Every structure is written in structure tokens, then in C-alpha cells.
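To start, the structure under review is shown below, and the notes come after it.
Read-outs throughout are calculated quantities, based only on the coordinates presented, and are distinct from any laboratory measurement. Keep in mind the model is a prediction, meaning the values are calculated, not measured. Here the Cβ is made from the backbone with ideal geometry for all residues, glycine too, and neighbour counts use every protein chain on show.
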Amino acid sequence: MMVGEDVITGVFDSGGRGYEVSYGFGIPSWKKVADHAIEGREDFKACVGKYDDKAEGADVLNFTYGPSTGGLTESIKFNIYTYGERILSLRPEPSYKDRKLQVSGSGLEMANLRIERYCGPLSPFYSGMLAAAVESVMGADQDNDLRLARVIMNEISRISDHIHVIAKLAEGASQNVAYNLLFALREKLLRLIARRFGHRYFFGINGFGGLVRSANFKGISSEVRAIVDEFRQIWIRLENSRIFIDRIQGTATLKRAWMVGPAARASGTHIDARMESSFLRYDDLDLHVSISSGADTLARTLVRVDEISESARIIERAESMIREVPVAGRTTKSEVNGEISVRAETPGGDSLMRVTLAKGIIEKIYIRPSSLQNLAVFAYAIRENLLTDFTFGYEGLGIHISELGGVL
Amino acid sequence: MKTWLTYGLFSKRLTTKFPFKAAEELPVWTTMPVSTGAGEAICPANAIQDTSVDMGMCISCGYCSPAFEPDGNARTSIVHSTEKAFRKSFHIYLFDAGSCGSCNLEVKALVNPYYDMSRLGISFCATPKHADALIVVGVLAEGMGEPLRRAVEALPSPRLVFAVGACAISGGIIGKSISGVVETDVIVPGCPPNPFTILDALQRSRGGKH
Ligand code: SF4
Ligand code: SF4
């Protein structure tokens, strides 16, 4: 049996008549499930963002953090139940900033622009998924150079996101020199993206059947490599800081079959959508999947550190293979119909998108982002940790709150 | 292995001289698209009227190229009111009303060594109660209306409210702007605006050197 084959990885509510459920991490397929008994399963709850946990009893203190506070970059509220310094349980409420992003009913161009803004820092992943879904429904073979271009954009984004996560951990541990150097490094990477793609977050670049405007890939891998080498220099010092390691070791430990991304790989599970995706193949890029075993914030960080180097290597390989990336212009007037599910390995892990197209219009769209799973990981893993561990447990999972909002 | 101190000392200076000198590296598609006369452009955000662009609506997509090309000027903000009391020290509070996450990161980037806003006496604070300015990003999500109202009420006087990014200013292509809840003193266009543009707006809003 494949890893997590019976694990619920997506739940599509088909309107009061039970659910359509996707099981396992491979190529997505959906099964109708009328049985509401699955609602009690942890993996189901993780997919639908149901957090009903609370603690009661003498001397249990319940307080809230958020939705807007200086310590959080994005708005979310946490209900925290404590006994003394100990967190007994935690119930996140991520719906405050839910924008109810309207994508269905849109033509392909507007759908693409809105999906880019579903989660800005991860825009190439989601716009790439939408593009791959549409191209596949159209029956078009994916152009190899376009595939490599998308791989490069995704891997740069992964490096940027991972550096940001590690910088936030260093900031939490008051490692001031380290976090300043790491934030500077991320800025360097954003400038590189802007120079080569015209936008710091890859907006306006991914199109259907090609890129919307031309991008400069020549020599990109050596620029990325220089940044990653600098990162390694900073990391060598950071991993030698007892203060830093003490804060993340043994913090927010959890191992579950439904976990995705660095959280899953840090608990020894060998899953990575890049190994399985038929929409963005990595099979000729010799992907090495990073695994660790501690299942805590330190192990997740070690996986990220490894993945930063691995992404640089993939970019090198992809650049050596890329020739001319097609420029497709901004829109397509195709009248396609069909339904398809695609997945991608975002920096936080496996994300799933299901798209129904009718006459070239997005009729229905469903996204199960990795942040849903990671927020559930946080809610379970932070139990029995101390309040001072909160920042490290949370930031170490690289959760994007914008990803948790609904897409209509 | 070099210590942090020696590592820092051997690293070259990164901090920009902006706003006293020109921005050294601007991401072009956050600046104002201007007509080149090369054909017609259809703007997905309806930001183009004849030959001019309403920057409050522009989502920095670049789809108008080559009929319009960005002018490369960091100054796209509009400052309706200034407050000189903040010249020496300026405390700002970032408020996410419903963003995609990128505007937040561009505002937060102001503390990285490239921009280092502390050299200009600007710093983040942890609550609107201690803030001189509220920096609002994102569209007005249903659940954030009340928290936004409360944050504005908590601001001491004098105070400034910034709408940063197309979403907060006009709703962009995502939703409603924040204008139904709060009047803004400064608007900073872009999707997202780049950190130079945000820094320039902060400086101008306090009547500072720029
Ligand atoms: S960049 Fe995009 S939103 Fe802005 S004017 Fe051009 S087409 Fe319109
Ligand atoms: S203005 Fe653009 S970058 Fe800013 S929150 Fe809105 S979509 Fe995101």
C-alpha cells in the first residue's frame, strides 16, 4: 500500500448529500461518501478546517490572541486554553480574513489573476496548477520548456518561503544578526525575481500554454546558487546556537498519516507531490526527497534547510535543459468543458485543486491548501507545550492564512 | 568559523540611501504604467481611461504592455494629509483586513537591512494603541470590519491611516475597499506596492525629507 493511501486528502462538499472525498496522495480521484461518520475523523477535520477543541476545568484559563496583533503577519484568531504556562488546547479561527475569493463564473484570464492573488507569496504554484488543469482539459501536451520554466519559478518560490520561515524562527529566538541576514537574503531573492520576471511575486507571468510575457532564465541558477551558498553560511552559525536549537527542539512534535510537506517529511514519511504529479513532472530532474525523524520544529527546519539546497540543484538542472519558453499571450478563447484535479507540492506541502470548466468559464473550483493541514498540525502539536513555544510551533509550519479562505 | 560579529563586519553594506538618493532597484511593474502610443490596451482591472491609469485600481499585472509601460518612478502614493509631529519618531501598526499576504510582506520588508526604516526613526508597534499610523492592507473581509473599526478607535491623536495596495484602496479585482469603514489619509498603490514606494509614502506623510 502506498503511503497514506486511506488518508482523506480532500473533501468536496457536494451540497448536503454527503461528500466527495479524495483519498491518498497520488493522482487525485474522488469517491462519493454518503456516510457522515467520516466527519469525526482527524484527517477529515484537517481538510475542512474544523477545530472544535477546548479544555475546561478548575484553573483553566482561556484567552484569545488575534485576529490582529503585532505578533502575527496575517490576521487569525487563536483561542488558547492554558493551565499555568502549559497550553492544554488551542482552537484557531482563521475565517476573520476570509475574502471568499470569487473565481467560479470567471473567464480564464480573470480566474488566473484572482488565483495568483489567492496566496500571493505562493502565486506560481496556484497559477501553475490552474494553467496545468486548463491545458489538460484542452488536451494540450504540456510544452517541455514551459514545464521547466514552471519548475524554476516554483523552486525559487520554495527557497524564498523556506528562508522566510527560518528567518521568523530566528526572530522569535532573538537571533538578531541571523534574522536580519536571512531577511536580507530573501530580499535579494525577491529582487532577482523582479529583474527576471517583472514582478516580485510572479504576478502576471503564468499563462495558459505559455508565459504571458517573456522571462530571462539565462544564468538564473548561478544567481540562485550564490544566494543559497550565503544561506548555508548563515545556517551553519545558526545551528551552532544553543539558544536557537533549544527553542525549536522538542517543540510542537506530531506524527500523523495526514500530514503534508515538511511536517510529514520531518516525521519520516516519504511523501512529496513532486514525485507523483503528472502535471508538473520532476522525473528527469532527479529529485531527492528530504526526510528527518524528530517530528518537531527542529526536524521541520532541517527538512527546509535541505530542500533549499535541493531546489537550487533542481533549478540548475532545469536551466541546463531549458531552451525557448513559449509566450502565449494573456488569454485564450477556448470553449473547453471538463473536470480535472491537480496537485502541487507547495513549500508547506501537498495542495489539491479541482476545477470544472464549462465553455471556457470556470464553473466550479475547489482548493485544499497545505495550510489547512498545517494549521491542524499546529492545533494538535502545540498541546502540552509552553506558551513560549507558541511562536516556534506556529512559525515553523510556514502557514499562510490567505490560503485558508474560501474560493467560490 | 567566523563569529556573527566578524561575519557581519565582513559583509558589505546593504542599506539603501533612499529616500535621499534614488531607489537603486525598483520592480518595474509596481510603478505607474504610461501610454507609449503602441496600440490599445485592455485592462482587466478597468484602471485605464484613455491614456491615463488610475493607480488605485491598477493590479500591477503588466497586461497593458506594450501599449503602456511602467515609468520606473517610486512615487505613486497620494498623500492627502501630513502630520509633522511624527518627524522624529513614527510608530506604525500593520493591519491585515483581507490580503493575499504579499502586501503584508512588502510592508514588513521595511525592517530588513536593505530598507532599515529604523534609520529614519520609523518602527513597528504591537498594538494600534501605541501607533501613530495604521497601515491597512487587503480588501475589507467581512470578519475584519469590526476589528478595523476598533483599531481605528484605539489610535491616539494625531494619527494617520494608510491604505496600502490596490485591494485596500479600491478592492482591486478581489473585493471591497476599506473606504466604507475608514477614511484614509494616504494611499499607496501597487499590487503589492514595492517597499521603496511604501517608504516614500511614510516619509512624505510626516513631512520628512525625501
Ligand atoms: S498593469 Fe494591469 S492593471 Fe495596471 S494598468 Fe496595466 S493592465 Fe491595467
Ligand atoms: S493589493 Fe495585491 S498584493 Fe496587496 S493584498 Fe491585494 S492582491 Fe495582494
HN-Hα J in Hz across the stretch A:255-263 - Karplus 6.51, -1.76, 1.60, θ = phi - 60°, x for Gly and Pro
9, 9, 5, 8, 6, 10, x, x, 5
List the residues whose amide H sits under 5 Å from the amide H of B:GLY72, counting only those 5 or more places along or on another chain, with H placed 1.01 Å from N in the peptide plane.
B:THR31, B:MET32
Charge dipole magnitude, Cβ of K and R +1, D and E -1 - the protein assembly as shown, Cα centre, debye nearest 20
1500
Quick check on chain B: of the DSSP beta bridges with both residues there, what percent are antiparallel, nearest 5%?
30
So how do A:269-277, A:381-389, B:107-115 stack up, highest first, on mean other-Cβ count within 10 Å?
B:107-115, A:269-277, A:381-389
Just to check I understand the Karplus step: with θ = phi - 60° and J = 6.51 cos²θ - 1.76 cosθ + 1.60, what whole-Hz values come out for the stretch A:126-142, glycine and proline as x?
6, 5, x, 5, 4, 4, 5, 5, 5, 4, 5, 4, 5, x, 7, 6, 5
For the stretch A:179-323, what class follows from the C-alpha gyration tensor (a ≥ b ≥ c being the square roots of its eigenvalues): rounded when a/c is under 1.5, otherwise prolate if a/b is larger than b/c, else oblate?
oblate
Among the aspartates and glutamates, select those whose C-alpha is under 16 Å from the C-alpha of B:LYS84, and discard any that sit fewer than 8 residues away in the same chain.
B:ASP132, B:ASP185, B:ASP200
Enter the Cα centre distance for the pair the stretch B:8-38 and the stretch A:209-267, rounded to the nearest angstrom.
27
Search the structure for amide H atoms under 5 Å from the amide H of A:VAL33, placed 1.01 Å from N in the peptide plane, and list their residues when 5 or more places away or on another chain.
A:TYR19, A:GLU20, A:VAL21
Using the structure shown, select from A:LYS50/A:LYS97; A:LYS97/B:LYS176; A:LYS188/B:LYS12; A:LYS50/A:LYS364; A:LYS77/A:LYS97; A:LYS188/B:LYS108 the pairs with a Cα to Cα distance greater than 18 angstrom.
A:LYS50/A:LYS364
For peptide B:58-65, the mean count of other chain Cβ atoms within 10 Å per residue Cβ is 6
Given charges at Cβ of Lys, Arg, Asp, Glu: the stretch B:79-206 dipole, positive-most of B:GLY172, B:ALA154, B:GLY121:
B:GLY121
In peptide B:139-152, what is the residue-averaged number of other protein chain Cβ atoms found within 10 Å of each Cβ?
4
Picking from B:GLU106, B:GLU142, B:GLU83, which is most flexible by a Gaussian network model of chain B using Cα springs under 10 Å?
B:GLU142
Hits among lysines - C-alpha to C-alpha of A:LYS359 under 18 Å, sequence gap 8 or more where chains match
A:LYS333
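What does the charge dipole of the stretch B:71-182 about its Cα centre add up to, to the nearest 20 debye, if the Cβ of each Lys and Arg holds +1 and the Cβ of each Asp and Glu holds -1?
It comes to approximately 340 debye.
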Pop out the ³J(HN,Hα) list for the stretch B:89-94 in order, Karplus 6.51 cos²θ - 1.76 cosθ + 1.60 with θ = phi - 60°, rounded to Hz; leave Gly and Pro as x.
9, 9, 9, 10, 10, 7
For peptide B:107-119, what's the mean number of Cβ atoms from other chains within 10 Å of each residue's Cβ?
3
Below 17 Å, Cα to Cα, which aspartates and glutamates can A:LYS31 reach? Residues fewer than 8 away in the same chain don't count.
A:GLU5, A:ASP6, A:ASP13, A:GLU20, A:GLU39, A:ASP43, A:GLU339
